[in-house]
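Working notes for the structure below.
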Amino acid sequence: GLLAHRDDRGGFFSLLLEPPQMPAAEEISPREMVFVLDCSGSMAGLPLDASKAFMRAALRQLRPTDSFRIIRFSDSATEFSAQPLSATPTNVQAGLQYTDGLRGEGGTEMSTGIRQALTTPVPAGALRIVTFLTDGYIGNEVEILKLIKHNLGDARLFAFGVGTGVNRYLLSEMGRVGRGFTRYMDP
């Protein structure tokens, strides 16, 4: 809608633009969804179970134009596949099976998971969205936040604190620095 008015003071206008309530499927950019799961010992039990439940829901909601990666970290980081996988039913099912097999053990080397998630090339034409699931039990918060800021590029990072005693400072800052947001899940 456009409303224009002219008087002694000059011309004025008001413009109202309304985006469509829901964009058409072809208008939605392809996404590279990167899921980073903390599989350290402090995540064993209910926190890791809650992360797996989140992953089951998230993987099932991927669009056909999306690709995905699953990175688990504890003492080191490993990835489900060597490259982003298309969100085909077969690949999603394989991702679900991989996620269900994860176990909580070892220390928390968060920097390895962050490097793995952010330093690989983004598929052409895709927007990288990183979902980080952790309790944040670390002692080097400043280093982690600098690492995210330095390697983020055009990606968005969303932090999910899992458990009853999460490091809220770290996770809130991860969401802010990552140009995403932070949520907390109490198993």
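Kindly indicate which of GLU27, GLU18 is open to solvent by 40 Å² or more (accessible area, probe 1.4 Å), modelled with pLDDT under 95, more than 15 Å from the chain's Cα centre (by Cα) and under 15 Å from LEU127 (Cβ atoms).
The match here is GLU27.
Mind counting the residues in the stretch 84-98 that are open to solvent by 40 Å² or more (accessible area, probe 1.4 Å) and farther than 15 Å from MET33 by Cα?
Final tally of qualifying residues: 5.
Report whether or not THR99 is out of contact with any Gly (no Cβ under 8 Å at 6 or more places or on another chain) and closer than 22 Å to ASP186 by Cα.
Against the criterion (out of contact with any Gly (no Cβ under 8 Å at 6 or more places or on another chain) and closer than 22 Å to ASP186 by Cα), THR99 qualifies.
Are any of the residues in the stretch 28-35 under 18 Å from LEU102 (Cα atoms) and not hydroxyl-bearing (Ser, Thr, Tyr)?
For the stretch 28-35, residues under 18 Å from LEU102 (Cα atoms) and not hydroxyl-bearing (Ser, Thr, Tyr): present.
Condition first: at positive phi and open to solvent by 10 Å² or more (accessible area, probe 1.4 Å). Can you find one or more residues in the stretch 151-161 that meet it?
yes
Scan the stretch 77-99 for residues that are of a type in the set (S, T, N, Q) and assigned to a strand (DSSP E or B) and jot them down.
Once the filter is applied, which keeps residues that are of a type in the set (S, T, N, Q) and assigned to a strand (DSSP E or B), the stretch 77-99 yields THR78, SER86.
Taking the residues in the stretch 56-76 that are of a type in the set (Lys, Arg) and in a helix (DSSP H, G or I) as candidates, determine which candidate is surrounded by the fewest Cβ atoms within 10 Å (Cβ to Cβ).
ARG60
Give the residues of the stretch 17-38 that are outside any loop (DSSP other than H, G, I, E, B) and of a type outside the set (D, E, K, R), sorted by residue number.
ALA25, MET33, VAL34, PHE35, VAL36, LEU37
Could you pull out the residue among MET110, MET55 that is touching a helix residue (DSSP H, G or I) at 6+ places or on another chain (Cβ under 6 Å), within 24 Å of VAL177 (Cα to Cα) and at pLDDT below 95?
One residue alone meets the criteria, MET110.
Out of the strands (runs of 3 or more DSSP E) lying entirely within the stretch 109-187, which hold 2 or more residues that are without any contact (Cβ under 8 Å) to a residue 60 or more places away in the chain and either touching a His at 6+ places or on another chain (Cβ under 9 Å) or not aliphatic (A, V, I, L, M) (or both)?
Those strands (runs of 3 or more DSSP E) span 156-162, 182-185.
The values are calculated or read from the model by the stated rules, or taken from the named source; none is laboratory data. What you see is a predicted model; the values in this text were computed from it and never measured. Glycine gets a Cβ as well: all are built from the backbone with ideal geometry, and neighbour counts include every protein chain shown. The protein model used for the area step is the full one, side chains on, heavy atoms only, and it has no ligands, DNA or RNA in it. Shrake-Rupley method; radii C 1.70, N 1.55, O 1.52, S 1.80 Å.
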